[in-house]
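Here's the structure, in structure tokens; my notes come after.
The values are calculated or read from the model by the stated rules, or taken from the named source; none is laboratory data. Just so you know, these numbers come straight off a predicted model, no measurement behind them. When we count neighbours, we look across all protein chains shown, and the Cβ atoms used for this are built from the backbone with ideal geometry, even at glycine. For the accessible areas, the whole protein counts, side chains as well, though only heavy atoms, and no ligand, DNA or RNA atoms are used. Shrake-Rupley method; radii C 1.70, N 1.55, O 1.52, S 1.80 Å.
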Amino acid sequence: MDKLLIIVIDGCSSDYISKENTPNFYRIAKSGFCKCAKSSIPSVTNVNHATILSGKFPYEHGIVGNYYYNKETGKQDFIENSGFIKTDTIFDVLHRKGAKTALLAVNANIMEVFGRNVDFSISVQKPNEILVRFLDMEMPPKVGTLKASGWILEACHNLIKKNNPDVVYCTTSDYMMHNFAPNTNEAITHMQEIDKWIGKIYDLDPKREIYITADHGMNKKSKIVNLQAIMDRMKYEVVCHPPIKDRYIENHVYQEGGVLYLYFKEAAKDKKDEIIKFIEEYPCVESVCTKEEAAKKYNLPMDKIGDYVVFAGEDYAFGELDGEELETDCIRTHGSLYERAIPLIAVNAREEAAKYRYSRDIVRIILEKIES
Ligand SMILES: [Zn+2]
């Protein structure tokens, strides 16, 4: 079986990659290719891990956020188990064929959601001491630190060297990208560390099939808007559900992100046109789609995205604030249509670069070739 490695650098927009800071990315691309591809919408972490791992769009795999809304109970909660993903992942398919699989991540919830049929898993957040020792490593640093990404990539390197599983999926956390713009010293050091380990991994076996990509991009935002508070003030009975919401609030203090699913309560249904006009005309809003339009345009499952999907403009995000609006110069986040562009670097890929338009194409092509 050919050895496969997928590295997902969380929140790595292309502007973090440069000849000076990530020379190994360029070295690998020289033997393969480097291009800009598209993530799934919304440009949120879990949605895109599901897309990359399954080779499918959200309408097929069923994951539309880190957080979900249960229409029957009115409860909102975090997605934290593998029951949410509706299709096979590359782990499921290749495990059935006898492959050894491995999942390495900074955040432990990745294991909970995507760890089905994984033979070896390790996270920075909840490390298993026996496995850490097996990998000849010190116990990991904290999740929200500069060193967390380097640690998980070193673990990936050591695992491949010692055990060489057939399928390895390794992902970082977007803590650094949320907090540091590409030209800051912290971001440069972080990317240099990632690049160093990716170079070492590549050198272990230059024939390995390797894809390096991101789940979504990242942009600076100048204003956060609390659309729920605005709806409440207007007495519009609408639930504004943020699919980006996660437990790691150090990443988004206000759970801020560029997308909301709007659930209309019974009382709001008569005023539907008035409410939608109001939201569309609100500054900071890029577009509002019906669930039917959003499902068609962005390959989403119609029954999981509310009645409407609203996207923020490039410079803005929706968030849970005390007031209605917050001007800021220190918030970087994602979720909107503007964080859809992602880098894709591949070596020993199954197809030429032009065949990879979306991040889902990596695994889609592998699975098609296995099945044919
Ligand atoms: Zn992410």
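If you go through the range 328-348, how many residues are within 13 Å of the chain's Cα centre (by Cα) and open to solvent by 20 Å² or more (accessible area, probe 1.4 Å)?
2
Any idea which residue in the range 350-372 is surrounded by the most Cβ atoms within 10 Å (Cβ to Cβ), counting only those that are of a type in the set (Gly, Ala, Ser) and closer than 19 Å to LYS56 by Cβ? Step through it out loud before you land on a result.
Quick first cut of the range 350-372, residues of a type in the set (Gly, Ala, Ser) only: 353-354, 359, 372.
The next check asks that each one be closer than 19 Å to LYS56 by Cβ; those that pass are 359, 372.
Working: SER359: 27, SER372: 5.
For the range 350-372, the residue satisfying everything is SER359.
Mind listing whichever residues of the range 129-145 are over 27 Å from the mean Cα position of the chain (by Cα) and more than 18 Å from LYS162 (Cα to Cα)?
Within the range 129-145, none qualify.
What number of residues in the range 209-247 are among the charged types (D, E, K, R) and more than 24 Å from the chain's Cα centre (by Cα)? Quick ask: steps written out before the conclusion?
Residues of the range 209-247 that are among the charged types (D, E, K, R), as a first pass: 209, 215, 220-221, 223, 232-233, 235, 237, 245-247.
Filter once more, keeping what is more than 24 Å from the chain's Cα centre (by Cα): 232-233, 235, 237.
Selection size over the range 209-247: 4.
Using the structure shown, decide if ILE160 is of a type in the set (A, V, I, L, M, F, W, C), in a helix (DSSP H, G or I) and within 16 Å of the ligand (Cβ to nearest atom). Give the derivation first.
Details: of a type in the set (A, V, I, L, M, F, W, C): yes; in a helix (DSSP H, G or I): yes; within 16 Å of the ligand (Cβ to nearest atom): no.
Considered against the rule, which asks whether it is of a type in the set (A, V, I, L, M, F, W, C), in a helix (DSSP H, G or I) and within 16 Å of the ligand (Cβ to nearest atom), ILE160 comes out as no.
Yes or no, residue by residue, for (1) surrounded by 24 or more Cβ atoms within 10 Å (Cβ to Cβ); (2) modelled with pLDDT of 95 or more:
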residue: VAL8; (1), (2): yes, yes
residue: ASN24; (1), (2): no, yes
residue: TYR68; (1), (2): no, no
residue: GLU80; (1), (2): no, no
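Of all helices (runs of 4 or more DSSP H) completely enclosed by the range 175-241, which ones contain at least 1 residues that are assigned by TED's automatic domain parsing to the domain that holds ARG357, more than 16 Å from the ligand (Cβ to nearest atom) and open to solvent by less than 20 Å² (accessible area, probe 1.4 Å)? So that I can check it myself, show each step before the final result.
On the way: elements: 175-179, 185-204, 227-233.
Those helices (runs of 4 or more DSSP H) span 185-204.
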